[in-house]
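Nothing in this text is a laboratory measurement; each read-out follows from the coordinates by a stated rule. The shown structure was predicted, so the numbers you read here are calculated from the model rather than taken from an experiment. Every residue, glycine among them, receives a Cβ derived from its backbone with ideal geometry; neighbour counts consider all protein chains shown.
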Amino acid sequence: MIDSAQINLQRFVRCTYEQNFRLTYEQVEWVQANRYQEANINELLSLWLMLNRQIIRVLDKYPADRLRAECDNSKKDVSLHTVEWLAGDYVAHLKHHLDQVYNN
């Protein structure tokens with residue numbers, strides 16, 4: 001969930017001034033590089049919380065003329081999505097994982 005927040009924050013910020021760039025998520029590599037297993041759980045929770053607060057801050061006053069800006073989140077074929085779509089997808093993804101945490 002931290003990786004998703006980091007990637008999406010980058011997408012939201014870059015889409016304020018850029019369009020049609022590619023930013024993908026390589027899960028295995030990100031997890032290995034971040035060494036989450038070695039981190040304190042409270043630090044991880046704080047990081048996740050701060051990243052999501054920053055996403056809220058960025059999206060709260062997002063330039064209306066940039067909500068339709070697109071970026072490519074595919075690994076192979078081009079798959080452009082608007083900021084508006086990415087934001088909705090991020091929230092749905094977040095809810096999905098929170099449901100998993102609270103229902104287990």
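Of the trypsin sites (Lys or Arg not before Pro) found in segment 1-66, those in coil by DSSP whose Cβ has at most 13 other Cβ atoms within 10 Å are Arg35, Lys61. When Tyr36, Tyr102 are sorted by how many other C-beta atoms sit within 10 angstrom of their C-beta, beginning with the fewest, the order is Tyr102, Tyr36. Dipole size of the chain about its Cα centre, with +1 on Lys/Arg Cβ and -1 on Asp/Glu Cβ: approximately 220 debye, rounded to the nearest 20.
Residue-wise HN-Hα couplings along segment 51-58, as the Karplus relation 6.51 cos²θ - 1.76 cosθ + 1.60 with θ = phi - 60° gives them from phi, are 4, 5, 5, 5, 4, 4, 4, 5 Hz; Gly and Pro carry x. Summarised in one figure, the compactness ratio Rg/Rh of the chain, Cα atoms and Kirkwood Rh, is 0.98. When the helices of the chain are scored as -39500 (n - 2.57) per DSSP H run of n ≥ 4 and the total is divided over every residue, the value at 222 nm lands at -19500 deg cm²/dmol.
Placing pseudo-labels 7 Å out from each Cα toward the beta carbon at Glu84 and Arg53 gives an inter-label distance of 3.0 nm.
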